[in-house]
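Engineer: First the structure, which I've put down as structure tokens, then a few questions once you've had a look.
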Amino acid sequence: GQSLEQPSEVTAVEGAIVQINCTYQTSGFYGLSWYQQHDGGAPTFLSYNALDGLEETGRFSSFLSRSDSYGYLLLQELQMKDSASYFCARTGGNTGFQKLVFGTGTRLLVSP
Amino acid sequence: AAGVIQSPRHLIKEKRETATLKCYPIPRHDTVYWYQQGPGQDPQFLISFYEKMQSDKGSIPDRFSAQQFSDYHSELNMSSLELGDSALYFCASSAGGDYGYTFGSGTRLTVV
């Protein structure tokens with residue numbers, strides 16, 4: 001299977017740090033991406049990991065451990081506008097036409 | 001910068017009718033993907049095209065078909081519509097070796 005599991009909801013306050021976890025099945029796994037989606041909006045690419053370790057992009061960082069079949073998205077200095085759904089997604093190959101398989105999604109609620 | 005363009009943004013159809021959704025990928029992107037997202041669900045992969053040839057197929061009903069034309073735009077044709085087809089339909093495009101896929105704003109299909 002290709003399922004990816006995430007917590008359904010996470011809550012935090014402005015300025016805090018939050019971590020969204022993602023576990024996946026290893027069959028055919030190549031890389032892990034993260035997407036943000038506001039209600040009614042399109043998924044927006046945040047980051048990608050193919051190798052173990054941390055990738056940092058501004059306030060957002062993503063981590064991958066292939067040996068543990070696990071990754072996470074770290075959001076720092078949370079802002080109200082970060083309230084959205086966050087999806088991890090796997091790709092099965094290193095070519096541009098590999099489909100994304102999305103995780104179950106995590107709804108992040110940021111309060112004042 | 002040019003984005004992925006989808007039309008129409010909203011569509012209301014009756015049961016058993018047909019619908020055609022259009023997608024115009026980012027220029028020079030060689031792959032187009034179609035996704036279906038029900039309320040509160042993660043995006044589900046339907047079908048993809050690489051250089052105008054079908055490259056992968058997911059959980060797309062037999063009532064649906066898609067193609068990519070010589071100008072690289074793609075159309076998703078849906079026949080014998082059912083109430084359960086009501087969803088957001090996203091098109092995404094990518095360039096070879098590019099890990100961040102760009103999604104269009106989606107078409108919200110409502111079947112009544």
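Engineer: Being closer than 23 Å to A:Phe87 by Cβ, modelled with pLDDT of 95 or more, surrounded by fewer than 17 Cβ atoms within 10 Å (Cβ to Cβ) and not charged (D, E, K, R) narrows it down to one residue among B:Gly58, B:Gly84, B:Gly106; which is it?
Structural biologist: From the options B:Gly58, B:Gly84, B:Gly106, the qualifying one is B:Gly84.
Engineer: Considering the range B:25-38 alone, what residues qualify as being over 27 Å from B:Glu82 (Cβ atoms) and more than 11 Å from chain A (Cβ to nearest Cβ)?
Structural biologist: B:Pro25, B:Ile26, B:Pro27, B:Arg28
Engineer: For the range A:1-67, give me every one of the strands (runs of 3 or more DSSP E) that falls completely inside it and has 2 or more residues that are crowded, with 16+ Cβ neighbours inside 10 Å. I'd like the intermediate steps shown before the answer.
Structural biologist: Working: elements: A:9-13, A:18-24, A:31-37, A:44-49, A:53-57, A:60-65.
The strands (runs of 3 or more DSSP E) meeting that bar are A:9-13, A:18-24, A:31-37, A:44-49, A:60-65.
Engineer: Sticking with this one: Tell me yes or no: at least one residue of the range A:74-84 is assigned to a strand (DSSP E or B) and either within 14 Å of chain B (Cβ to nearest Cβ) or free of Cβ contacts under 8 Å to residues at least 40 places away in the same chain (or both). First the steps, then the outcome.
Structural biologist: So in the range A:74-84, the residues assigned to a strand (DSSP E or B) come out as A:74-75, A:84.
Next cut, either within 14 Å of chain B (Cβ to nearest Cβ) or free of Cβ contacts under 8 Å to residues at least 40 places away in the same chain (or both) only: A:84.
Yes, the range A:74-84 has at least one match.
Engineer: Okay, next question. Whether any residue in the range B:89-102 is facing another protein chain (nearest Cβ under 8 Å), crowded, with 19+ Cβ neighbours inside 10 Å and more than 23 Å from A:Ala50 (Cα to Cα) is what I want to check.
Structural biologist: Yes, the range B:89-102 has at least one match.
The values are calculated or read from the model by the stated rules, or taken from the named source; none is laboratory data. None of these values were measured; they are calculated from a predicted model. Please note: Cβ atoms are built from the backbone with ideal geometry, for glycine as well, and neighbour counts cover all protein chains shown.
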